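Working notes, beginning with the structure itself.
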Amino acid sequence: MRGFSQPRVKRVVGLLRSQTTKFSELPSQWWRKLPEDAPLLDAERWKREIAALNPEDFPGGADPRPRLLDIIDAAGLGLAKAAEVGERLLQGKALAIWRKALTDAPAEALDVTLAGLRVDDGLEPTVSLVWGPAAAIVAVPRPYTWLVGLTSRSWPRRASEDPLLPHHIVPSSRLDPLPVHQADTRDFETIEAMTAIELICSRARRDSGGRINGVSPLYPRNIEELYLAQSREPERAASDTDRLFARPGEFSALPEVRIPTQSGRGFRFEVGHRSDLIPATIPI
């Protein structure tokens, strides 16, 4: 929809590697031999750069060029042949979602259609983890619920005046009988009442710029808070990075780590997030 560029093609290839068997054998670092400053804004330039790659530069001498050219050829067909692009690149559930999106709206609206598409995952919500906005889970009774982002800026959301019909012309109560802050409060109270065993409320003490966040009026005041530092060793990994930093033994077994450590040198890593970044040496 928005043309070729290095970041977009790298992202597409990465997604196809992880979600399809056809492209799963592509090297993860296939793009390292591309010129960093090359714009590569059309299919022909991509084909020239891919053809210039040397198979000997990749692990095992595997030649990634045919599969990469398949991706460029398919993407080069454009929106006019969006259905054919999906058939050539996708498979399984991803292909089913692509077909449904093209059925619901024209290809020019794919970004909007895909963002709002609802797809049945085949899982029972009452016995599965559900991640979503409060309004989406409010009607589902659960034994455990974790509410995040309970700051004064996030929840409940502030009501805003209609720019075309301000309050002094038409009262807001007539245009919106249930203001957004009242709906958020109602959802919070419903979730609290429908959580059978434990309701966990959490908030960030500071925002991404380091400023102190205010506390949401919905945040409970009669409980003891547990403060968690971002640089702590994660008790439960939320990502592969968390898991590896919490398990140095498993990290040291990775091929990417064993190869450089054969020289006998140590390596220094920076562990942490944003303003609380701290240096740490990981034994490898």
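At a glance:
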quantity: Low-density loop cleavage sites - GluC sites (Glu not before Pro) in region 195-226, where at most 13 other Cβ are within 10 Å (DSSP); calculated: E224, E225
quantity: Residues of type aspartates and glutamates that K100 reaches as a straight line, Cα spacing below 17 Å, ignoring anything fewer than 8 places off in the same chain; calculated: E84, E87, E108, D111, D120, D121
quantity: Gain on full stretching of the segment that runs from H181 to I200 - 0.36 nm per residue minus C-alpha separation; calculated: 4.8 nm
quantity: Where chymotrypsin sites (Phe, Trp or Tyr not before Pro) in DSSP loops with at most 13 other Cβ within 10 Å are excluded, longest remaining stretch of the chain; calculated: 1-130
quantity: At R0 = 45 Å, FRET efficiency that the Cβ-Cβ distance of S152 and E256 yields, to 0.05; calculated: 0.55
quantity: Spin-label pair N54/H168, simplified geometry with 7 Å Cα→Cβ offset, distance in nm; calculated: 7.4
quantity: Cα convex hull of the chain - mean projected area over all directions, nm²; calculated: 22.2
quantity: Chain lengthening between A159 and E87 when straightened (0.36 nm per residue, less Cα-Cα); calculated: 21.4 nm
quantity: Distant-in-sequence amide H partners of A204 (H built 1.01 Å from N, under 5 Å); calculated: G149, L150
quantity: FRET efficiency estimate (nearest 0.05) - Cβ-Cβ, V112 to E235, R0 41 angstrom; calculated: 0.60
quantity: FRET efficiency for R11 and T103, using Cβ-Cβ distance with R0 set to 22 Å, rounded to 0.05; calculated: 0.30
quantity: Calculated [θ] (222 nm, deg cm²/dmol) that DSSP helices of n ≥ 4 give over the chain, each run adding -39,500 (n - 2.57); calculated: -10000 deg cm²/dmol
quantity: Spatially proximal lysines relative to K33 (Cα-Cα < 20 Å; intrachain offsets below 8 disregarded); calculated: K10, K47
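Rule-based calculations on the coordinates, nothing more; no lab input. Note that the structure is predicted; figures quoted are calculated from it, not measured. Here the Cβ is made from the backbone with ideal geometry for all residues, glycine too, and neighbour counts use every protein chain on show.
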